[in-house]
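*Asks:* After the structure tokens below, expect a handful of questions from me.
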Amino acid sequence: MSNSKTKIGLGLAALGRPEYINIRDNDAIDKSEKYFKENSLSVLDEAYNLGVRYFDTAPSYGKGEAFLQEWNVKRNHKDAILGTKWGYTYVANWELGFTGKHEVKEHSLEKLLEQWQVSKALLPNLKYYQVHSATFDSGILENEAVLLQLHQIKNKTGLKIGITTSGANQKEVIASALKIQIENEDIFDSFQVTYNVFEQDTFAILKSALSNGKEVIIKEALANGRVFPNEKFKNYKNAYQILNRLSKKYDVGIDAIALRFVMDSLQPTYALSGASTIAQLRDNLKVMRFKLLKEELDELKELSIASELYWKERSRLSWN
């Protein structure tokens, strides 16, 4: 399916809940749980038919984990590879226009044990078990009881234990996590990180992790929709011109250009599609038709902005 080392995976963040951080309008769609479930199962089927084998979810993605579990049991694909996370709880409870925080973080031993009880039903296809949004603030990286429990889960199941990161200090969190060992072995095997044409701060550390045998999964390759031309983001005018030009040249959408940039510049293990419809998924997978030239990659590398600015901008995006 691929003409590079990187495989495309499917992330279920937008498939399992009616509202998510995005700047593209989704007011027109049916937001009932019944519709979301039917849609999720059909997108999962189409992804598998198109050659996608990695599927990534979390308890905080609304019903995302439950939908994936149901699909996994129904289809019983021996070669499907699943990843999930622990540490966030979805609390919006399918309430549209929910004004509070949609998900609440808690990196305690109790939360790990509670969520693992549910998530382990994804075995034996489960391969990645990840700390959801590890930060210094949450104390996860020095919580010995939690780290020991993760080590135990790893030894018992053979799972790859990972972290996911967000925010302006992703680089520092990854560097810190890479140093953690239990019984002389690294606890963390995989890193799921935001990396895209605008946010390239983690490039060097991820390259280094990959060369040391770690696995890297890239999320938010489309910058929550900010790669698509938008009047609200005058600061990306030049970027939009470049992305448009490449999109015309290769006869694919800007989404495919943004994903291809991730694949060709970093060569991670997986780049996640966050598609919420079959049409979006098919557009994303056009990424397999071409490779960017070195000078095009260099041009896109120039679009990187300061990490602090990127995350400040992202924090202002609304849930819809």
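*Asks:* With respect to the cross-link table entries K219/K249; K5/K74; K171/K312; K63/K127, which display a Cα-Cα separation exceeding 18 Å? All intermediate terms of the calculation are to be shown ahead of the outcome.
*Replies:* Details: K219/K249 25 Å; K5/K74 30 Å; K171/K312 16 Å; K63/K127 20 Å.
Cα-Cα > 18 Å for K219/K249; K5/K74; K63/K127; rest within.
*Asks:* Where does each of K85, K31, K74, K160 land when they are ordered by accessible area, with a 1.4 Å probe and the largest first?
*Replies:* Values: K85 0, K31 30, K74 120, K160 60 Å².
In descending accessible area the options line up as K74, K160, K31, K85.
*Asks:* Please report the accessible area of E144 (heavy atoms, 1.4 Å probe, ligands and nucleic acids excluded) in Å², nearest 10.
*Replies:* E144 exposes around 140 Å² with every protein chain in place.
*Asks:* Between S273 and residues 5 or more places away or on another chain, which pairs have amide H atoms under 5 Å apart, with H built 1.01 Å from N, and which residues are they?
*Replies:* Under 5 Å from the amide H of S273 lie the amide H atoms of G9, L10, G11, each far enough along the sequence or on another chain.
*Asks:* Give me the Kirkwood hydrodynamic radius of the stretch 271-320 in Å, from all C-alpha pairs, to one decimal place?
*Replies:* That comes to 13.9 Å for the stretch 271-320.
*Asks:* Let me ask another. Given a 1.4 Å probe and the protein chains all in place, what does the accessible area of E302 round to, in Å² to the nearest 10?
*Replies:* Rounded to the nearest 10, that gives 150 Å².
*Asks:* On to the next question. Need one number: nm distance between label points at D30 and V73, each 7 Å from Cα along Cα→Cβ, rounded to one decimal.
*Replies:* If labels sit at D30 and V73, their model points lie 2.3 nm apart.
*Asks:* Could I ask something else about it? At a 1.4 Å probe radius, which order do I161, I81 fall into by accessible area, largest first?
*Replies:* Details: I161 0, I81 40 Å².
Result of the area sort, largest leading: I81, I161.
*Asks:* Can you tell me the accessible area per residue over the chain, all protein chains present, probe 1.4 angstrom, in square angstrom? Please report the intermediate quantities before stating the final value.
*Replies:* Values: 14070 Å² over 320 residues.
For the chain, the per-residue accessible area is 44 Å².
*Asks:* To one decimal place, what orientation-averaged projected area in nm² is obtained for the convex hull of the Cα set of the chain?
*Replies:* Numbers: hull surface 61.5 nm².
For the chain, averaging the hull's shadow over all directions gives 15.4 nm².
*Asks:* Follow-up. How much mean residue ellipticity at 222 nm does the chain get from its helices, if each DSSP H run of length 4 or more adds -39500 (n - 2.57) and you divide by all residues, to the nearest 500 deg cm²/dmol?
*Replies:* Numbers: 11 runs with 123 residues, N = 320.
Taken over the chain, the calculation gives -11500 deg cm²/dmol.
*Asks:* Once you have the Cα-Cα distance between E185 and K291, take 0.36 nm times their residue separation minus that, and quote the gain in nm to one decimal.
*Replies:* Details: separation 106, 0.36 × 106 = 38.16 nm, distance 3.69 nm.
Computed gain between E185 and K291 is 34.5 nm.
*Asks:* Which percent of the accessible heavy-atom area of the chain goes to carbon and sulfur, probe 1.4 angstrom?
*Replies:* Details: 6960 of 14070 Å².
Its accessible area is 50 percent carbon and sulfur atoms.
*Asks:* Sticking with this one: Please give the solvent-accessible surface of R245 in Å², to the nearest 10, using a probe radius of 1.4 Å with every protein chain present.
*Replies:* About 120 Å², rounded to the nearest 10.
The values are calculated or read from the model by the stated rules, or taken from the named source; none is laboratory data. Keep in mind that this is a model prediction, so the values were computed, not measured. Counting neighbours? That spans all protein chains shown, and the Cβs are built from the backbone with ideal geometry, glycine included. Remember, those area values only see protein heavy atoms, side chains included, never the ligands or the DNA or RNA. Shrake-Rupley method; radii C 1.70, N 1.55, O 1.52, S 1.80 Å.
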